[in-house]
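No lab work stands behind these numbers, since they all come straight from the coordinates. A quick note: this is a predicted structure, and the numbers were derived from the prediction, not measured. Because the Cβ atoms are built from the backbone with ideal geometry, glycine has one as well, and the counts that use them run over all protein chains shown.
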Ligand code: KIV
Ligand code: ZN
């Protein structure tokens with residue numbers, strides 16, 4: 001039932017845990033109905049993520065219904081439901097996921113003193129008791145249990161280690177270390193995980209997981225740092241959506257692994273050519289527009305505007321591209337014509353439009369193109385056609 005990560009025998013495979021439908025849906029203004037959640041979950045299965053956190057079943061009847069529908073209809077990935085460390089949440093989460101071929105209960109309780117004192121208004125001893133009881137209850141229902149010490153990166157590492165040992169004793173199969181408020185820095189996050197490996201003798205028996213928020217723009221970097229420290233599950237959301245500044249952007253993490261992982265013996269099983277489609281679907285259904293310069297899925301991620309870059313890419317793509325647009329499911333890269341563009345890109349664009357020009361015609365067309373580009377942010381195909389037909393007519 002649990003994902004197939006060997007206990008000690010590390011293959012370098014990183015499990016991809018998608019929380020678009022749970023943490024992602026916690027973004028202000030996002031509310032997905034069951035049909036929309038199912039559509040996204042089916043696409044996530046095509047994308048090849050290992051685990052889908054489908055929702056927080058106790059949060060609302062609608063969320064319960066959506067998690068249950070996903071558990072019943074979406075095959076392939078593990079389907080997880082989130083639960084606080086209390087009996088009602090855990091029962092509700094199990095009710096929602098139990099019909100999945102591969103159900104998981106994900107339960108959590110905070111280990112930072114800030115949360116224990118101000119939010120839980122409890123003691124460290126209480127937290128140990130909650131961790132013990134919740135993992136035991138979840139384990140009696142489901143083989144696959146994930147435990148998260150919330151706000152771990154602001155917690156005392158020794159205390160967090162004690163809580164994790166309890167969770168492991170009760171049968172947790174995945175231990176997730178949330179950087180709940182996006183406070184950690186990459187080296188610090190890795191050091192925290194390394195220290196946990198030293199303090200918790202049984203930690204290597206579980207899958208260690210990262211869950212990093214992006215408040216300081218470090219979510220993907222922290223996740224990768226966690227993997228370098230031994231984590232073999234990474235949690236994140238498509239387009240990086242989630243509480244406040246969001247979660248680690250899954251497509252960025254996956255492409256980081258795809259581009260740089262091999263040299264480190266790391267990989268994941270995501271079908272990268274499904275990335276663009278998944279990103280567009282999530283953007284459309286959530287109403288969250290993707291910023292143009294967003295890594296991997298932004299409309300400019302594979303677009304070149306300056307003449308020097310365009311000239312290089314036309315000669316050899318890898319001069320200015322570290323990824324191939326087709327790898328993420330786009331047709332091709334693009335050369336955007338603007339005031340920084342060069343003669344080579346203009347010639348290519350005119351040829352693509354069916355106007356092979358050279359010599360003096362190209363020179364004049366280029367001069368007129370530059371004059372136009374100074375007035376317009378982007379020169380379109382229609383502008384080019386007008387420009388070149390005038391030019392050809394004058395010949
Ligand atoms: O950010 C967080 O701590 C969470 C937990 C519920 C894992 O989302
Ligand atoms: Zn979170």
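With one equal scatterer per alpha carbon and no solvent term, the Debye-computed log10 I(q)/I(0) for region 92-198 at 0.13, 0.14 1/Å reads -0.47, -0.54.
Taken over the C-alpha atoms, region 30-81 has Rg and Dmax values of 9.9, 28 angstrom. Short to long, the 10 Å bins of the Cα pair-distance histogram for region 202-308 hold 14, 43, 32, 10, 1, 0 percent of all pairs.
Per residue, the convex hull spanned by the Cα atoms of region 258-395 measures out at 129 cubic angstrom.
To the nearest 10 degrees, how steeply does helix 124-141 sit against the main Cα axis of the chain, on a 0 to 90 scale? That helix lies at roughly 80 degrees to the long axis. Annotation for region 334-365 versus region 273-302: alpha-carbon center distance of 29 Å.
For region 345-389, the gyration tensor built on C-alpha atoms gives an oblate shape. Its axis ratio a/c (a ≥ b ≥ c) is at least 1.5, and a/b is not larger than b/c. Packing around the peptides 22-33, 60-71, taken as the average count of other Cβ atoms within 10 Å per residue, puts them in this order, highest first: 60-71, 22-33. The equivalent ellipsoid of region 123-269 has semi-axes of 25, 16, 15 Å, largest first, where each one is the square root of 5 times an eigenvalue of the Cα gyration tensor. Pairwise alpha-carbon distances in region 286-359 exceed 17 Å for 49% of all pairs.
Kindly express, to the nearest 10 degrees and within the range 0 to 90, the angle between helix 61-73's C-alpha long axis and the longest C-alpha principal axis of the chain. Orientation of helix 61-73: about 80 degrees from the principal axis. Only helical runs count toward this figure. For the chain, summing -39,500 (n - 2.57) over DSSP H runs of n ≥ 4 and dividing by all residues gives -13000 deg cm²/dmol at 222 nm. Principal semi-axes of the equivalent ellipsoid, √(5λ) from the alpha carbon gyration tensor of region 175-225, are 20, 10, 8 Å from largest down. Residues within the reach of a label modelled at residue 10 (point 7 angstrom out along Cα to beta-carbon, backbone nitrogen below 16 Å), restricted to region 206-229, are 206-210, 223-229.
For the options 220, 157, 296, a Gaussian network treatment of the chain with springs between C-alpha atoms closer than 10 Å singles out 157 as fluctuating the most.
Treating the angle as unsigned and between 0 and 90°, give the value, to the nearest 10°, between the Cα long axis of helix 157-169 and the longest Cα principal axis of the chain. Orientation of helix 157-169: about 70 degrees from the principal axis. With only Cα atoms counted, region 57-96 has Rg and Dmax values of 9.9, 29 Å.
The calculated FRET efficiency for residue 267 paired with residue 75, based on their beta-carbon distance and R0 = 22 Å, is about 0.45. When the chain is modelled as a GNM with alpha-carbon springs shorter than 10 Å, which of 152, 360, 191 fluctuates the most? Most flexible of the set in this elastic network: 360. Across all C-alpha atoms in region 19-141, the radius of gyration and Dmax reach 15.0, 44 Å.
Taking one quarter of the surface of the convex hull spanned by the alpha-carbon atoms of region 246-300 gives a direction-averaged projected area of 4.2 nm².
Over the chain, the pair-distance histogram of Cα-Cα distances with 20 Å bins from zero comes to 27, 47, 19, 7, 0 percent, rounded to whole numbers.
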